[in-house]
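One structure is given below, encoded as structure tokens.
The values are calculated or read from the model by the stated rules, or taken from the named source; none is laboratory data. Computed from a predicted structure; not experimentally measured. When we count neighbours, we look across all protein chains shown, and the Cβ atoms used for this are built from the backbone with ideal geometry, even at glycine.
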Amino acid sequence: RAGTLEETGDETRPDGTAVRTLRGALSLPGRIRDGRWTRIETRLPGDDAVFLSLELEYPETPHRGYDKAKAARLDRTWDGRWTEVLPAEIVPAFDADPARPFRVFKRNFFGDVSSYAADHHLVSGARRTASFNNHITHPWVAVSNGSEGILVAQYEGDRCNFAFCPMRSEVTGGRQRLRLNPFGTYYGPQWKYATAVTGLGRAMAVLMADQLDSYAPSYNGKTSRFSVAVFPFRGPEPPEEIRRRAEEWGEGTV
């Protein structure tokens, strides 16, 4: 982990709103310059939702460890030592039965809400999917184990992304667990397809497809500002009231 906490400040406003501000440093071995981060957590009185605003200046490191042939094709170099970036990872306290896996809900740019099962382990047999992001979504994405869940919304006034929240699935101890990584990037082995026999297809794809490398080097030395809200809920899917609040907050109408 590159981050260290240096300062914490707490404020309770007259209306009961609680605001916590955390600041710290980001440092990596062999860096050219250090980074900084600020995280503001806001909670409204009598409300379970958490509103987060983050500003991160990622440390800058020299470009090394990259594939020279790919660098020539892309006309740029990078630091291949960057593999993952987790600026605001969310780890739900609840898990799911692997036979009845988590379900991912998302709302697209046309206002349509749809869902899919995070059942990679049932399809491929792999107990860990390092990263998946099949949820093109506009204002929010949510996960539920059938009885409880969380909805994560992005604020359009800061940085926003049509697929802002990659996820990771792991099956351990007979339970499925998810991790959510808004505005970050995961990396690692992906799920296996039933058609994989000789492995030649995958080998060719890895050799030819530059996009299969980690996205993490693109964060090197950059600045990122974003805001997300986390709404817990009960039930198999996010209630209409939670969706409405998330959309109003994300669009800046409240």
Would you confirm whether or not region 155-176 contains a residue that is hydroxyl-bearing (Ser, Thr, Tyr), within 13 Å of the chain's Cα centre (by Cα) and more than 19 Å from residue 228 (Cβ to Cβ)?
yes
Is it true that some residue in region 193-216 is modelled with pLDDT of 95 or more, at negative phi and out of contact with any Lys or Arg (no Cβ under 6 Å at 6 or more places or on another chain)?
yes
Scan region 34-41 and give yes if some residue there is surrounded by fewer than 17 Cβ atoms within 10 Å (Cβ to Cβ), part of a loop (DSSP other than H, G, I, E, B), in contact with a Gly (Cβ under 7 Å, 6 or more places away or on another chain) and not small (Gly, Ala, Ser), otherwise no.
no
Would you confirm whether or not region 63-76 contains a residue that is surrounded by 11 or more Cβ atoms within 10 Å (Cβ to Cβ) and under 24 Å from the mean Cα position of the chain (by Cα)?
no
Exactly one of (1) touching a residue at least 60 places away in the same chain (Cβ under 8 Å); (2) closer than 27 Å to residue 243 by Cα; (3) not in a strand (DSSP E or B) is unmet by residue 73. Its number?
(2)
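Looking at region 14-32, which of the residues that are charged (D, E, K, R) and surrounded by 11 or more Cβ atoms within 10 Å (Cβ to Cβ) is farthest from the chain's Cα centre (by Cα)? Show your work before the answer.
In the first step, residues of region 14-32 are kept if they are charged (D, E, K, R); the result is 15, 20, 23, 31.
From the residues that got through so far, the ones that are surrounded by 11 or more Cβ atoms within 10 Å (Cβ to Cβ) too are 20, 23, 31.
On the way: 20: 22, 23: 21, 31: 25 Å.
This residue is 31.
Residues checked against (1) free of Cβ contacts under 8 Å to residues at least 40 places away in the same chain; (2) closer than 29 Å to residue 248 by Cα; (3) charged (D, E, K, R); (4) crowded, with 16+ Cβ neighbours inside 10 Å:
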residue: 120; (1), (2), (3), (4): no, no, no, yes
residue: 124; (1), (2), (3), (4): no, no, no, no
residue: 127; (1), (2), (3), (4): no, no, yes, no
residue: 142; (1), (2), (3), (4): no, yes, no, yes
residue: 146; (1), (2), (3), (4): no, yes, no, no
residue: 150; (1), (2), (3), (4): no, yes, no, yes
residue: 173; (1), (2), (3), (4): yes, no, no, no
residue: 177; (1), (2), (3), (4): no, no, yes, yes
Can you go through 109, 105 and tell me which one is of a type in the set (Phe, Trp, Tyr) and crowded, with 17+ Cβ neighbours inside 10 Å?
105
Please pick out the residue among 22, 5 that is of a type outside the set (Val, Ile, Thr), more than 17 Å from residue 216 (Cβ to Cβ), part of a strand (DSSP E or B) and modelled with pLDDT under 95.
5
When residue 115 is evaluated against the numbered criteria (1) within 26 Å of residue 217 (Cβ to Cβ); (2) outside any loop (DSSP other than H, G, I, E, B), which criterion, by number, is the only one it fails?
(1)
With the first residue restricted to region 89-117 and required to be without any contact (Cβ under 8 Å) to a residue 40 or more places away in the chain and within 19 Å of residue 239 (Cα to Cα), and the second required to be β-branched (Val, Ile, Thr) and not in a strand (DSSP E or B), Cβ contacts under 6 Å at 6 or more apart or on different chains are 106/137
